[in-house]
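The values are calculated or read from the model by the stated rules, or taken from the named source; none is laboratory data. Bear in mind the structure is a predicted one, so any value in this text is a computation, not a measurement. Positions of Cβ are backbone-derived with ideal geometry, glycine not excepted, and every protein chain shown enters the neighbour counts. Surface areas here come from the heavy atoms of the whole protein model, side chains and all, with no ligands, DNA or RNA. Shrake-Rupley method; radii C 1.70, N 1.55, O 1.52, S 1.80 Å.
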Amino acid sequence: MKPSHVSEAAVAPASAFKSRGGLARIAAAARYSWAGLTAAVRHEAAFRQELALGVPMVLLAWFLAPTPLQALALVAVVVLVWIVELLNSAVEALADAIDPGYHPLLGRAKDLGSAAVMLSLLLAAATWIVVVGARFFG
């Protein structure tokens, strides 16, 4: 039952684009994910930069970390940066599609996404400094 303050017009039917499940859904999700990654590489300079720096770091993590768990932590924070950057890029693309001009709430959404990227970068840097620093200086 819908809440009394929600009008009948506000309750939309399920989208015809929603999947039903099964292997076809998994295959479609993989295609959409690949399309998202290729769009990020093609259109997002920040993602390309983070990818160019992050791929070698992911490979080096397994040699630099003292333990497999620490190597996983090094890889995880790099992947986290990529994830946050993808989400930030999605917010920015959506904001630009809604209104290519300036709107204070869309500007705030973009700023919040940027702050999330910055925090993920700081976490990644701190993790790498602690783990790799402990190996060579600890």
Practice task
Would you be able to tell me the number of residues in the range 87-138 that are free of Cβ contacts under 8 Å to residues at least 24 places away in the same chain and of a type in the set (Val, Ile, Thr)?
Solution key: 4
Exercise for the section: Exactly one condition in (1) surrounded by 10 or more Cβ atoms within 10 Å (Cβ to Cβ); (2) at pLDDT 90 or above is not met by SER19; state its number. Expected result: (2)
Problem - Positions within the range 94-121 being over 19 Å from the mean Cα position of the chain (by Cα), open to solvent by 50 Å² or more (accessible area, probe 1.4 Å) and not hydrophobic (A, V, I, L, M, F, W, C), in sequence order - result: ASP99, PRO100, TYR102, HIS103, PRO104
Exercise for the section: Go through the range 35-53 and give me each residue that's within 15 Å of ALA93 (Cα to Cα), part of a helix (DSSP H, G or I) and not small (Gly, Ala, Ser). Expected result: LEU37, THR38, VAL41, ARG42, HIS43, PHE47
Exercise for the section: Report, ordered by the first and then the second residue, all pairs with beta carbons closer than 6 Å, sequence separation of six or more or different chains, a first member in the range 44-58 that is farther than 15 Å from LEU86 by Cα, and a second member that is in a helix (DSSP H, G or I). Expected result: MET57/VAL78; VAL58/VAL75; VAL58/VAL78
Fill in the blank from the handout: Scanning the range 68-90 residue by residue, the ones that are surrounded by fewer than 17 Cβ atoms within 10 Å (Cβ to Cβ) and over 19 Å from ALA125 (Cα atoms) total 2
Completion exercise
Note on TRP62: of the conditions (1) loosely packed, with under 14 Cβ neighbours inside 10 Å; (2) modelled with pLDDT of 95 or more; (3) over 29 Å from GLY138 (Cβ atoms); (4) not basic (Lys, Arg), unmet is (3)
Completion exercise
Given (1) outside any loop (DSSP other than H, G, I, E, B); (2) open to solvent by less than 80 Å² (accessible area, probe 1.4 Å), ILE129 misses just (2)
Practice task
Would you be able to say whether some residue in the range 33-49 is acidic (Asp, Glu), within 15 Å of LEU123 (Cβ to Cβ) and touching a helix residue (DSSP H, G or I) at 6+ places or on another chain (Cβ under 8 Å)?
Solution key: no
Exercise for the section: Determine whether ALA30 is closer than 22 Å to LEU121 by Cβ and either without any contact (Cβ under 8 Å) to a residue 60 or more places away in the chain or among the aromatic types (Phe, Trp, Tyr) (or both). Expected result: no
